[in-house]
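I have placed the structure first, in the form of structure tokens, so that the comments after it can refer back to it.
The values are calculated or read from the model by the stated rules, or taken from the named source; none is laboratory data. Keep in mind it's a predicted model, so treat the numbers as computed, not measured. Cβ coordinates were reconstructed from backbone atoms using ideal geometry, including for glycine residues, and neighbour counts include every protein chain displayed.
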Amino acid sequence: MSVGHTLSRCWRIAPVGLLAAALLLSAGGQAQAGATITVDTLSGKEADDADDDDCSLEEAIENANADRAVNDDCPAGSGADTINIEVAGTINVHSTGFTINSDVTINGAAGGTTIRGVAGLDIYSTDWNSSPNRIMTAVTLANLTISGATTAVAVVDSFSGKSTLPFSVTLQNLLIEDSTFGVDIGRWGSDSARPAIVVIKDSDIRRAFRGISHAMSGCSSFKAVDTVEVRNSTLRDGRWAVYGRCGPIKIIDSTIANNNVSGVDACPLPPSGRLDVVNSTIVNSGSTT
């Protein structure tokens, strides 16, 4: 089914020009230029390669989070950093995964980078362990395969009302496969107040229990709303492709196919929510409401 008409009261078909750019552009002004950190080993755990002059992904992320040289094997982080993975291959994730809480772009290797394990990448809007608390405004993950995680990518605002600054997360050219949750957007505490835009583009999410999950208990009472935008992407061969309860969802130029429970399950949405589907195809995907 190519979407070209209203399917139910929860669906609103948007004109092509309706985008979430306003929120993205308001995400706090120009970020401070950062360092470039090159990952030159496939070791995913800091303890495996501490003080051996090899910069692992975990060490690179820790330096970027702290904006300093927590680990001497990698350059110090400084502002909005860029982490480039230089060596192609598979990085096996340790049980706690990777935690990101600072402005950063992570690029996979040209020959392909797979992040494999039960834990994935957790992106938090703030770092509670820093003093003063660091506030993240923009994170990009690009050119990665994330395989086998319980949650491949988690996006969480937990700032408990202390800031209302918007933030953005961009997931570009990702392959997410064999995960319980592909991309999970959530909040800690009903007073979390930082609006977010999560953009998933040029990506493929396969064989997930929920490909994109935007559903939290009590979300209608939250002080801020998260917008999810899916562009030029495919969600296939899972159970629920998109499961939304908590805010605006935009599906643009995308394909949802062969999901055995639902293609898009977005009923009911709160007053702040709407579902816009533009130039997209939904086929062989159970019920769509």
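Working only within segment 236-265, note down all residues that are of a type in the set (Gly, Ala, Ser) and surrounded by fewer than 21 Cβ atoms within 10 Å (Cβ to Cβ). Hit for segment 236-265 is ALA257, nothing else.
I'd like the full set of residues that are part of a loop (DSSP other than H, G, I, E, B), modelled with pLDDT of 95 or more and of a type in the set (Ser, Thr, Tyr), limited to segment 262-289. Selection gives SER280 alone.
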